[in-house]
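Note sheet for the following structure.
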Amino acid sequence: MSKKIVITGGAGFIGSNLCEYFLSKGNQVICLDNFATGHRHNINHLLVNPNFQLIEGDIRNISDCAKAVQGADYVLHQAALGSVPRSIKDPITSNEVNVSGFLNMLVASKEAGVKRFIYAASSSTYGDSESLPKVEDKIGKPLSPYAITKYVNELYAGIFSSTYGMETIGLRYFNVFGRKQDPNGAYAAVIPKFVLQLVKGESPIINGDGNYSRDFTYIDNVIQMNELAMETQNPEAINTVYNTAYGDRTTLNEMVQYLKEYLSEYDSSIKNIEIVHGPNRAGDIPHSLASIDKAKKLLNYNPQFSFKDGLKEAVKWYWENLK
């Protein structure tokens, strides 16, 4: 049965992939975006679909939120200002978007009688906790303003569940990558940024010695988690948070070697590009690895793409679209 789904930040990397996917399943999709970090080219091809509606608005404006969620069944809240360095440089704007904007969306969704509110949480919430793998109920102190904002989202969602009876599910994303992720700009994520540099014949700069590791998660695994969170009828599975990851880790050095290997299939000169090392970055956590046991148990999550499989897909997409 067709559902009416609001996707905030729907012109961004993850949001536009979600818009495309849920439209392909015959749902009505409303995209709310202010194009601060999202791009029109991510959703232009969707505008001809009668089941797609774009609302150009800002989650910091409660009336924009109310307009978007009118008559909606589900909200997939992806809108946020990402990036640890950006939040360190400008904590006020990060807080306004990620905390005040989040609260606006919760209030608007509650008042509109939305069935379930699913939101992008973050692995940054684990902060200085050194235990690996990361398990949902063991977190440390946040290491950046961004991490604080994403933790506050979880606290607010919990209060809205317990106080107002709203159904909420938080998805703690771990280093998501894949098609449509923007390689440009000061706050570009590491994989698209390095792909662009390698394609141009430039040397990527790794922060630190390259032994920091991440649970890089391909976009299709994230789409699967959003769908499972939306559709679950298991009462135990609601009003909680889940790691959204593959459950394996790769060092930055390994990641760059794979990138060089896969890109050199398209241009053999890429395999000879030198990698440069710079200083460690403030607010970065050394290692990130998710336990996905909870999502497997309660949501029947079964990620289809390993890091290497996803990276091959991403490299192919970038090669075809960066030309």
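The values are calculated or read from the model by the stated rules, or taken from the named source; none is laboratory data. As the structure is a computational prediction, the values presented were derived from the model and not from experiment. Neighbour counts run over all protein chains shown; Cβ positions are idealised from the backbone, glycine included. Side chains included, ligands, DNA and RNA excluded: accessible areas come from the protein's heavy atoms. Shrake-Rupley method; radii C 1.70, N 1.55, O 1.52, S 1.80 Å.
For the stretch 86-138, name all the residues that are under 19 Å from the mean Cα position of the chain (by Cα), without any contact (Cβ under 8 Å) to a residue 60 or more places away in the chain, within 19 Å of Asn175 (Cα to Cα) and outside any helix (DSSP H, G or I).
Within the stretch 86-138, Tyr119, Ser122 meet the criteria.
Restricting to the stretch 294-315, give me the number of residues that are surrounded by fewer than 15 Cβ atoms within 10 Å (Cβ to Cβ) and either without any contact (Cβ under 8 Å) to a residue 12 or more places away in the chain or not charged (D, E, K, R) (or both).
5
Does the stretch 151-198 hold any residues that are over 19 Å from the mean Cα position of the chain (by Cα) and over 28 Å from Ala282 (Cα atoms), and which are they?
Within the stretch 151-198, Gly158, Ile159, Phe160, Ser161, Ser162, Thr163, Tyr164, Gly165, Met166, Glu167 qualify.
Considering only residues of the stretch 1-20 that are assigned to a helix (DSSP H, G or I), open to solvent by 10 Å² or more (accessible area, probe 1.4 Å) and in contact (Cβ under 8 Å) with a residue 60 or more places away in the chain, which is nearest to Gln70 (Cα to Cα)?
Per the criteria, the residue is Ile14.
Check off (1) touching a Lys or Arg at 6+ places or on another chain (Cβ under 8 Å); (2) surrounded by fewer than 18 Cβ atoms within 10 Å (Cβ to Cβ); (3) under 19 Å from Tyr126 (Cα atoms); (4) at pLDDT 95 or above for Leu289 and give me the number that stays unchecked.
Leu289 satisfies all of (1) touching a Lys or Arg at 6+ places or on another chain (Cβ under 8 Å); (2) surrounded by fewer than 18 Cβ atoms within 10 Å (Cβ to Cβ); (3) under 19 Å from Tyr126 (Cα atoms); (4) at pLDDT 95 or above except (2).
List every residue pair whose Cβ atoms lie under 7 Å apart, where the two residues are 6 or more positions apart in sequence or sit on different chains, the first residue falls within the stretch 237-261 and is more than 24 Å from Leu171 (Cα to Cα) and among the charged types (D, E, K, R), and the second residue, located anywhere, is in a strand (DSSP E or B) and open to solvent by less than 30 Å² (accessible area, probe 1.4 Å).
Between residues of the stretch 237-261 that are more than 24 Å from Leu171 (Cα to Cα) and among the charged types (D, E, K, R) and residues that are in a strand (DSSP E or B) and open to solvent by less than 30 Å² (accessible area, probe 1.4 Å), there is no close pair.
Quick one: in the stretch 55-71, which of the residues that are in a helix (DSSP H, G or I) and among the aliphatic types (A, V, I, L, M) is most open to solvent (accessible area, probe 1.4 Å)?
Ile62
So, in the stretch 29-54, exactly how many residues are over 19 Å from Gly101 (Cβ atoms), of a type outside the set (Phe, Trp, Tyr) and outside any loop (DSSP other than H, G, I, E, B)?
Residues flagged as over 19 Å from Gly101 (Cβ atoms), of a type outside the set (Phe, Trp, Tyr) and outside any loop (DSSP other than H, G, I, E, B) within the stretch 29-54 amount to 8.
May I ask you to list the residues in the stretch 262-284 that are open to solvent by 30 Å² or more (accessible area, probe 1.4 Å) and closer than 17 Å to Ser213 by Cβ?
Ile275, His277, Asn280, Arg281, Asp284
Which members of the stretch 103-128 meet the condition of being more than 25 Å from Gly140 (Cβ to Cβ), open to solvent by 10 Å² or more (accessible area, probe 1.4 Å), out of contact with any helix residue (DSSP H, G or I) (no Cβ under 6 Å at 6 or more places or on another chain) and among the charged types (D, E, K, R)?
Across the stretch 103-128, the qualifying residues are Glu111, Lys115.
Can you tell me which condition Gly26 does not meet? The list is (1) touching a Ser or Thr at 6+ places or on another chain (Cβ under 8 Å); (2) outside any strand (DSSP E or B); (3) farther than 26 Å from Ala186 by Cα; (4) open to solvent by less than 20 Å² (accessible area, probe 1.4 Å), and all the others hold.
Exception for Gly26: condition (4).
State which residue pairs qualify: first residue on the phi > 0 side of the Ramachandran plot and aromatic (Phe, Trp, Tyr) and inside the stretch 21-39, second residue outside any strand (DSSP E or B) and at pLDDT 95 or above in any location, beta carbons under 8 Å apart, and separation of 6 or more residues or different chains.
So the pair list comes out as Phe35/Ala11.
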